[in-house]
Structures are given as structure tokens and as C-alpha cells.
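Peer 1: What follows is a single structure, and I will ask about it in a moment.
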Amino acid sequence: MSTQHLPEHPDFLWRNPEPKSSYDAVIVGGGGHGLATAYFLAKNHGMTNIAVLEKGWLAGGNMARNTTIIRSNYLWDESAAIYEHALKLWEILPEELEYDFLFSQRGVMNLAHTLGDVRESIRRVGANKLNGVDAEWLDPQQVKELCPILNIRDNIRYPVMGATYQPRAGIAKHDHVAWAFARKCDEMGVDIIQNCEVTGFLKDGDRVVGVKTNRGTINTEKVGLCAAGHSSVLAEMAGFQLPIQSHPLQALVSELHEPVHPTVVMSNHVHVYVSQAHKGELVMGAGVDSYNGYGQRGSFHVIEQQMAAAVELFPIFARAHVLRTWGGIVDTTLDASPIVGTTPVENMFVNCGWGTGGFKGTPAAGMTFAHTIATGAPHKLNAPFSLERFETGALIDEHGAAAVAH
Amino acid sequence: MLLIPCPNCGPRDETEFHYGGQAHVPYPENPNELTDTEWSRYLFYRENPKGIFAERWVHSTGCRQWFNMLRDTVSYDIKSVYPMGSKRPDRSPDGAPESGTASTGPDSTTTGSAAPSTSSTSFPSTTAPEGATK
């Protein structure tokens, strides 16, 4: 028998091509949403002569900075439909992409700490069930059974009065998700072009006909914007505005620990959410910093407050150490729902406004946005999430289900 | 954490303040005549510049007074504070409209010669501590 060798270093998962002078479509932003959009454009619509332009490195923005929570327990029909579609795609994507990104359906708990929380939560469980989303209401004792390290005593400032629970929710390895999409895109012929920053757009009247970049001009018939926190900057270049405010959103991890935390716990009221990554770090996040910012960093008191909340809910975290904190730039809308659809510029489409919860929406954003770009009209799942809703007043107010960043 | 120069109380920690979003957004003069599009602009659209932003803050746990501030949204440097009701100190008096398009103008650190007698003030750069990230 031959000697056992260590496996060869894996090949790179995608090429690094030079940009061509023209493409059928250009996606701006090589994060999760941009890559997913390119994947579904190629797979569902046969558009393979397309490019994904990324100004930095692949998936180095919010895709590298989120806390990887996946769930679909949103209140309104429109949101439940698109997020539940995303969750169903998450369930099949590892097989479809032939890449195990460790989607762990360990459940997500949303705690209730006040009578108002309890009423809102029970209402949301009812709404979820009607929409075919798995949801349960747990009393404090059931909360304790599912997550024994949670403090459910009533002597804390905001005692746990119960929780909603979605068993099919969970976490996944965010980097692997991006790599899985990128590899499949590359296989189908999509050009993923890193270090390529968009500096302007070429227009013929109201129609976009090309993209100016730091690596030359690229002619294209269609442009899809997937730039999260920088969406307003791109829209400005293209000559329109978006109802978006960009805020810093911070997260942190502890050093590695033995498995202590079996699920994902979120609290809107005391503003923290915690899970334990596959490797063992405790991963935490909370709400955005109040001010507008493009700095990929925030103020330390925001970290301090979420730590205080975490230690009160999980007393055993008191001796854990913060290993590192970081920030991303999130694109928030006033109704806490995304914008996926057409723009005032012909042949230019926008996918933005996912704010603090874009990771979970990645597959559905990609699928619906690809449909919108390919056909010129929204898919039925993203039709309600149009830019026009801010004029018609048909807002999708998800502040109840999305009050704390997630 | 930002160190915010309150015009009445001097430099104080950000935790004493609340944010009020974009400054210079007047209530429509003739609300009955607004179209849906105009209402939508007033209600939901705000500037979101990558650069200098004119914004409102209130010193909630201090003097409880509102004021305007110019801040860089990338470096978080505070460029100047100036009173509510006065014009942006970095725009020429007859130039840019109060609620114009997003700021892409030059990085100005003027002390606000355009502002009325209640002088606006420039302070040294105050940013979040370097150690706060990464």
C-alpha cells in the first residue's frame, strides 16, 4: 500500500479574470447577495455572460461581518413569504451547490420581557403559523429546558416572560456560503472581478448602458446594484436617490468555549442576540449605532450595553472575554424591509435596504433579484418590496420582528 | 465613542446625546398641495452622504438643547457645530439650497462665516477610539 499523503492544497474556487469590454448584465457588489443573484441569473435564466464587480475582496463587506442568523418568523405576509422562501432555499442549497456550509438548524428563540412583548410575540406566532412558518410560544420553563444557561429568574430588570421559537431557524458559515455561490457561478462562466470599483455609470438618456470602473469601462445592457451600505452612493452616481440611511452595526466574538449554548437567543427588548459558532466562539450583536456612518466601526458604549444585557441573561458569560469586535455598514429603511426591484433608471435594478438582517435573505434576494433583472419585472415574492411603496404608502412595517438588528 | 462639543456645555460623551438625523429638513410650506411623490420625499428620503453630513443632535442629559453639527460619516470627525435655524456653514450663502442633494462637496472645515451672529464653533477632531474596532 502506498504511503498516505496529505491532500493537495485545494485549487482556487474561482478564476480572477480581467474584465471584458461588455457583458449582458453587471452586478455591482460581490457579497452574498451579488453572488446569489449571479448564481440564479446563470442557473434559472441562462445568463452566463455576466460579471460581478467587487471593489474589495469577495464577500469582505457585510457578508464577512454578520452574525449568520437565519430565520423566517416575520409578522407580515409579504415578509413571511420571502424569508420563508429563503429558509427553504437554505435547506436545499448545500446539496445544490455541492458545498456544505454547515447550515445548523438549531432553532432561534426571540425572548419576551414585557407584557407588550408577550402580546406581540403570541400574535406573531399565530401569524407565522397561518403563513406556514414553524413557530411556537414557549413559557419560561420551556425556555429554560431548551437553553439551560439562560437566566429565567424574576429578580432581574427584564425577566424572561416567554419566547417565540422557530425550530427550523439557525446559523450557517457565512464565508462558506459566499465561496459556494462563487464556485458555482465561476463554473457556469460568470466573471467574478475583485478590486474593481464602480466610479460611475454610462447612460443614454434615462437608460443605463455601461459601468465606469477603476479597471476601465464596461458596456452592459443591465445593471443590478447589490451594494448594501453603499447603495446610496451608487444611486447618487446613477442620478437617483434611495430612502436609505447607512449606519454602523457592530458585533463581537468571545474566545473559544466548550459547547454551552445549544440554540440562538435574541432579545428585542434588552437588545442582544447570542449564538455559539461551530468553532466555539460566542457570537453577539445588537442594534445599530444611532448615527449615520460609513466607517465600518461604531462606538464602544454600544458594545458595552449589549454585553451587559448578555451577562444578565447568561450569567455564565461573565468570565468570558471579548476576542474582537467589528462593524459593518447596514442600509436601513424606515419600515425595516428591503427594496428589491426597478429604479427610475431604465435597465438598472436595485437590491438594498436589507439593513441589519440581509444574510438570512441571501438566497431569496438572489432568486427574486435575478428574476427582476432577467425579465425586467419583479417576481411575485419581491413585488411588494418595490421602491414605489414609499409613495403608495404600502409599507411593510417589520419593526416588531426586526426591532433588534439580527 | 464620539466626544461631542455641545455648544452650551462643552465636550461631552456621546452617551449624553440623542441623534436627530439630517438637519435642514423643513416641514412643507403648503402641505395640502403636496403630491404623493413630494410627500414621499419629505417623509422617507434623507441625504445619506459618504462624507460631510449636516445632522441634528440633542444634549438630552445636559442642557436639553438641540443643535446642528457637521460630521464626516467616514472618519466620524466632527467639523463644526452651529445653531438650529442657521445655514450650513460649509455652503456659500447664496449657493447650495438648504436641503439639496447629498453632499459631495469639498471637505470644508470652515468656522462658518455664513452663520449668523451666534457663531458656530470648530473643534479639534474627535473620533471613536481606534481600539474600538478590529
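The values are calculated or read from the model by the stated rules, or taken from the named source; none is laboratory data. On a predicted model such as this, the values are computed, not experimentally measured, just so you know. Cβ atoms come from the backbone with ideal geometry, glycine included; neighbour counts cover every protein chain shown.
Peer 1: For the stretch A:178-191, which positions are assigned to a helix (DSSP H, G or I) and in contact with a helix residue (DSSP H, G or I) (Cβ under 6 Å, 6 or more places away or on another chain)?
Peer 2: So in the stretch A:178-191, the residues assigned to a helix (DSSP H, G or I) come out as A:178-187.
A:Ala178, A:Phe181, A:Ala182, A:Lys184, A:Cys185 - these are the residues of the stretch A:178-191 that are assigned to a helix (DSSP H, G or I) and in contact with a helix residue (DSSP H, G or I) (Cβ under 6 Å, 6 or more places away or on another chain).
Peer 1: Considering only residues that are acidic (Asp, Glu) and farther than 17 Å from A:Thr37 by Cβ, look in the stretch A:206-245 and name the one that is farthest from the other protein chains (Cβ to nearest Cβ). So that I can check it myself, show each step before the final result.
Peer 2: First pass over the stretch A:206-245, keeping only residues acidic (Asp, Glu): A:206, A:221, A:236.
Okay, now just the ones that are also farther than 17 Å from A:Thr37 by Cβ, so A:206, A:236.
Values: A:Asp206: 16, A:Glu236: 6 Å.
If we take residues in the stretch A:206-245 being acidic (Asp, Glu) and farther than 17 Å from A:Thr37 by Cβ, then A:Asp206 is farthest from the other protein chains (Cβ to nearest Cβ).
Peer 1: Of the residues that sit in the stretch A:259-310 and are within 22 Å of A:Ala336 (Cα to Cα) and among the aromatic types (Phe, Trp, Tyr), which one is modelled with the lowest pLDDT?
Peer 2: Within the stretch A:259-310, the match that is modelled with the lowest pLDDT is A:Tyr273.
Peer 1: If you don't mind, there's one more thing I want to ask. Any idea how many residues of the stretch A:60-82 are closer than 20 Å to A:Leu252 by Cβ and either of a type outside the set (Gly, Ala, Ser) or surrounded by 24 or more Cβ atoms within 10 Å (Cβ to Cβ) (or both)? Before you say what the answer is, go through the steps one by one.
Peer 2: First, pick out the residues of the stretch A:60-82 that are closer than 20 Å to A:Leu252 by Cβ: A:60-70.
Now narrow it down to the ones that are either of a type outside the set (Gly, Ala, Ser) or surrounded by 24 or more Cβ atoms within 10 Å (Cβ to Cβ) (or both): A:61-63, A:65-70.
Number satisfying all stated conditions: 9.
Conditions tested, residue by residue: (1) free of Cβ contacts under 8 Å to residues at least 12 places away in the same chain; (2) within 14 Å of chain B (Cβ to nearest Cβ); (3) within 30 Å of A:Ala370 (Cα to Cα).
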residue	(1), (2), (3)
A:Leu313	no, no, no
A:Asp331	no, yes, yes
A:Asn347	no, no, yes
A:Gly355	no, yes, yes
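Peer 1: Also: It is to be established whether one or more residues within the stretch A:327-335 are out of contact with any Gly (no Cβ under 9 Å at 6 or more places or on another chain), buried (at least 24 other Cβ atoms within 10 Å of the Cβ) and not polar (S, T, N, Q).
Peer 2: no
Peer 1: Restricting attention to the stretch A:336-382, and to residues there that are in a loop (DSSP other than H, G, I, E, B) and among the β-branched types (Val, Ile, Thr), which single residue is nearest to the chain's Cα centre (by Cα)?
Peer 2: Restricting attention to the stretch A:336-382, the residues satisfying the condition of being in a loop (DSSP other than H, G, I, E, B) are A:336-338, A:343-345, A:347, A:353-354, A:376-382.
Going one step further and asking which of them are among the β-branched types (Val, Ile, Thr), we end up with A:343, A:345.
Numbers: A:Thr343: 22, A:Val345: 25 Å.
Per the stated criteria, the residue is A:Thr343.
Peer 1: Could you list all residues from the stretch A:336-345 that are surrounded by fewer than 23 Cβ atoms within 10 Å (Cβ to Cβ) and either within 13 Å of chain B (Cβ to nearest Cβ) or at pLDDT below 95 (or both)? Working first, answer last.
Peer 2: Applying the first criterion (surrounded by fewer than 23 Cβ atoms within 10 Å (Cβ to Cβ)) to the stretch A:336-345 yields A:341-345.
Selection gives A:Pro344 alone.
Peer 1: Let me ask something additional. Within the stretch A:287-303, how many residues are within 7 Å of chain B (Cβ to nearest Cβ) and of a type in the set (Val, Ile, Thr)?
Peer 2: Counting residues in the stretch A:287-303 that are within 7 Å of chain B (Cβ to nearest Cβ) and of a type in the set (Val, Ile, Thr) gives 0.
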